Amino acid sequence: MYEIPNLPYKYTDLEPYFDEATMKVHQLKHHQTYADKLNAALEGHPDLAEKDLIALIRRADKDIPVEIRPTIVNNGGGYLNHSFFWEILGKPAKPDNKPDGTTIGVALEDQFGSYDDFKKKFSERALALFGSGWTWLLIDVDGKLSIENTANQNLPEEKKVALLVLDLWEHAYYLKYQNRRAEYIEAFYHVIDWKAVDAKLKQSGITPAEIKA
Ligand SMILES: [Fe+2]
């Protein structure tokens, strides 16, 4: 059984950027629904339920019976993507919330020119996403960072490691920001937990390349 993880912060901790009402409905309703539908689809398939979920989704065409395949891919992806998203958010440590003093902060400067240049590129990519999906910061095995979009609840590329993600489904921002996606994206930079992102980089075992922009 897949259960939604507890948040490592309070629902009010990301205010005023991500509001309490949105955080609650997002985790307790949307994320929970992905978990519930995933569990329901896996019922009666103990062989699938015990497999690693990421690996299962990546091999969906081979390993999942066609009648439950879209349900598991969509809801399994939704379950995983949200679990990741909660991990890289946190209460702002300081007003500008820059990743100073972290390896990821240095890597962003090395590869994008400056933190502000990274933000600009990430925001442009997020604004360019049509419909619902996610904008990711990924690192490849050669240490090169990239910003990429995935549609719906698709997972990022298998050969890259995810470091950061932004949920761009309307349910993530509509209560507070309505159609103002750009304002929501700008608010996101205030609630990134850069220490958590840095930990994901260290966990990957990949050393960021020094690519001067
Ligand atoms: Fe979401």
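Of the residues ALA128, ALA151, which is within 16 Å of the ligand (Cβ to nearest atom), in contact (Cβ under 8 Å) with a residue 12 or more places away in the chain and not polar (S, T, N, Q)? Break it down into steps so the answer makes sense when it comes.
On the way: ALA128 fails: within 16 Å of the ligand (Cβ to nearest atom).
One residue alone meets the criteria, ALA151.
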**Request:** Quickly run through the range 41-59 and pick out the residues that are closer than 21 Å to ASN6 by Cα and surrounded by 11 or more Cβ atoms within 10 Å (Cβ to Cβ).
**Result:** LEU53, ILE54
**Message:** Going by what's in this entry, would ASP19 be described as charged (D, E, K, R) and farther than 20 Å from GLU170 by Cα?
**Reply:** no
**Asked** away from the ligand (no atom under 16 Å from the Cβ), modelled with pLDDT of 95 or more, in the same structural domain as LEU80 (by TED's automatic domain parsing) and among the small types (Gly, Ala, Ser) - does that describe any residue in the range 27-41?
**Response** yes
**Asked** Hey, does the range 56-72 have a residue that's modelled with pLDDT under 95, assigned to a loop (DSSP other than H, G, I, E, B), more than 16 Å from the ligand (Cβ to nearest atom) and not assigned by TED's automatic domain parsing to the domain that holds ASN149?
**Response** no
**Message:** Among the residues of the range 180-202, are any of a type outside the set (Ser, Thr, Tyr), within 16 Å of the ligand (Cβ to nearest atom) and more than 22 Å from ILE104 (Cβ to Cβ)?
**Reply:** yes
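Residues TYR2, TYR11, TYR17, TYR34: which one is part of a helix (DSSP H, G or I) and either within 15 Å of the chain's Cα centre (by Cα) or among the aromatic types (Phe, Trp, Tyr) (or both)? Reasoning before the result, please.
On the way: TYR2 fails: part of a helix (DSSP H, G or I); TYR11 fails: part of a helix (DSSP H, G or I); TYR17 fails: part of a helix (DSSP H, G or I).
Step by step, each of TYR2, TYR11, TYR17, TYR34 is checked, and only TYR34 is part of a helix (DSSP H, G or I) and either within 15 Å of the chain's Cα centre (by Cα) or among the aromatic types (Phe, Trp, Tyr) (or both).
Yes/no per residue for (1) farther than 21 Å from SER204 by Cα; (2) hydrophobic (A, V, I, L, M, F, W, C); (3) free of Cβ contacts under 8 Å to residues at least 12 places away in the same chain:
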| site | (1), (2), (3) |
| --- | --- |
| LEU137 | no, yes, no |
| SER146 | no, no, no |
| LEU155 | no, yes, no |
| LYS160 | no, no, no |
| ALA182 | yes, yes, no |
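The values are calculated or read from the model by the stated rules, or taken from the named source; none is laboratory data. Keep in mind that this is a model prediction, so the values were computed, not measured. Using ideal geometry, Cβ is built from the backbone for each residue, glycine included, and neighbour counts are taken over all protein chains shown.
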